[in-house]
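To start, the structure itself, in structure tokens.
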Amino acid sequence: MPPHGAAEPPYVECPPLAAGAYGKWCTDFGVWAPAVDWVARRHGLGARGTVSVGVPGSHPVFLTAAGYVVKFYAPHWPEAHAAEVAVDE
């Protein structure tokens, strides 16, 4: 079990998006805040504090006030998500 009582990471699923909307969704911190918080707790990074959002790209990237970079990578195959989580534990 991950430390600090965080049983499972939040799974952020990309909704159907209009053409060109991925960058906005990818940099919407409201979507990603629970996942960033989970990563900070899981890895003992402390409170995330103020977060800077990265530029739109292929994966969401955030910079915490403490200087940590949190980058999320999508599984190549959604079915692989459970296996990736199991290996990480």
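Some points to look at:
- Summed over the range 5-14, the residues that are surrounded by 15 or more Cβ atoms within 10 Å (Cβ to Cβ) and either at pLDDT 85 or above or among the small types (Gly, Ala, Ser) (or both) give a count of 1.
- Verdict on residue 17 being modelled with pLDDT under 90 and either of a type outside the set (A, V, I, L, M) or surrounded by 13 or more Cβ atoms within 10 Å (Cβ to Cβ) (or both): no
- Scope the range 30-89; condition within 14 Å of residue 13 (Cβ to Cβ) and either touching a Leu at 6+ places or on another chain (Cβ under 9 Å) or modelled with pLDDT of 80 or more (or both); matching residues: 31, 32, 34, 35, 60, 72
- One residue stands out among those in the range 50-74 that are among the hydroxyl-bearing types (Ser, Thr, Tyr) and within 11 Å of residue 29 (Cβ to Cβ): the one that is nearest to the chain's Cα centre (by Cα), which is 52.
The values are calculated or read from the model by the stated rules, or taken from the named source; none is laboratory data. Source: prediction; values computed, not measured. Neighbour counts run over all protein chains shown; Cβ positions are idealised from the backbone, glycine included.
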